[in-house]
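First comes the structure, then the notes that go with it.
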Amino acid sequence: MTAKYLAIAREIKKRIDSQQYAANAPLPDQHALAAEFSTSRMTIQQAMRQLIVEWLVYTRQGQGTFIRKNYSQLSQWDLAGSDYFGATKTWEHVGPVESQVLRFELRFPSENEQSALLIDADAPVYDFARLRLLNGEPVSLDETVMPVALVPGLNKSHLESSVFRYVQETLGLKLMGSRRVVRALKPNELDRQHLHCDVTDPVLEVEQVIYLEDGTPLEYARCHYRYDHGGMVIVNNG
């Protein structure tokens with residue numbers, strides 16, 4: 001389950017992106033935000049610290065918290081390394097996200113998938129590949145495996161809209177977090193075909209396992225991104 005301060009930080013970021021908060025005026029003070037979100041001032045302070053380390057806002061002693069002037073210059077393609085909300089939620093502030101289903105089938109898991117998902121060899125899985133487009137432009141190619149037992153009733157319409165919305169809102173499952181490995185690779189045939197990569201263009205691969213609240217692996221995926229569509233932002237709150 002997402003920590004409350006992170007959910008608040010995400011909502012404030014959405015408001016900044018949509019220009020609901022004026023760039024030349026301070027954000028609402030912490031007491032007003034605490035009342036609006038029905039939480040403590042300490043939680044609001046945590047949310048603000050999150051936005052500060054993500055380079056969205058800064059504070060002036062005695063004057064308040066302001067949006068950074070160069071915020072709009074940050075890449076719209078960059079992903080937070082801790083983000084596991086799915087493409088539709090991640091990029092909703094930039095524009096419409098379209099998912100083209102390239103493959104959707106049922107099968108039994110490979111040894112690597114059994115290990116990643118903590119399932120047996122005879123536990124059926126969904127295997128699907130989707131091309132994700134943002135504002136009509138291809139941004140990622142995702143190949144995903146999910147245990148059928150955890151996500152009953154998954155169909156093509158969910159893949160074309162939002163799998164995470166189906167998982168969270170319809171099935172009532174709560175997400176805890178993710179483990180990701182990021183590496184640079186040469187493009188494969190699917191990358192060249194759908195991401196419009198040249199054979200010499202590198203791609204950014206994010207290999208990830210998404211976990212439910214109790215630590216059960218929900219999905220194992222390999223997501224490929226064009227090298228010229230930004231990178232991954234890693235925020236250390238330690």
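Some points to look at:
- For residue 49, the accessible area of its heavy atoms, probed at 1.4 Å with every protein chain present, is near 130 square angstrom.
- Largest-first ordering by accessible area, 1.4 Å probe, given options 216, 65: 216, 65
- Carbon + sulfur, % of accessible area of segment 113-238 - ligands and nucleic acids excluded, 1.4 Å: 48
- For segment 137-142, Karplus couplings with θ = phi - 60° (6.51, -1.76, 1.60), whole Hz, Gly/Pro x: 10, x, 10, 8, 10, 10
- 15 Å beta-carbon shell around residue 195, net charge (K/R +1, D/E -1): -4
- Part-to-part distance (alpha-carbon centres) for segment 23-69 and segment 120-162, which is given in Å: 36
- Using R0 = 25 Å, the C-beta based FRET efficiency linking residue 176 and residue 25 works out to 0.10.
- 5 angstrom amide H check on residue 195, placed H, neighbours 5+ away: none
- Rolling a 1.4 angstrom probe over the protein heavy atoms with all chains in place gives segment 120-238 an accessible area of 48 Å² per residue.
- Neighbourhood charge, 9 Å Cβ-Cβ cut-off, centred on residue 160 and excluding it, Lys, Arg +1 and Asp, Glu -1: +1
The values are calculated or read from the model by the stated rules, or taken from the named source; none is laboratory data. All figures in this text were calculated on a predicted structure; none of them were measured in a lab. Heads up, the Cβs are rebuilt from the backbone with ideal geometry, glycines too, and the neighbour counts pull from every protein chain shown. Areas reflect the complete protein model, heavy atoms only, side chains present, ligands, DNA and RNA absent. Shrake-Rupley method; radii C 1.70, N 1.55, O 1.52, S 1.80 Å.
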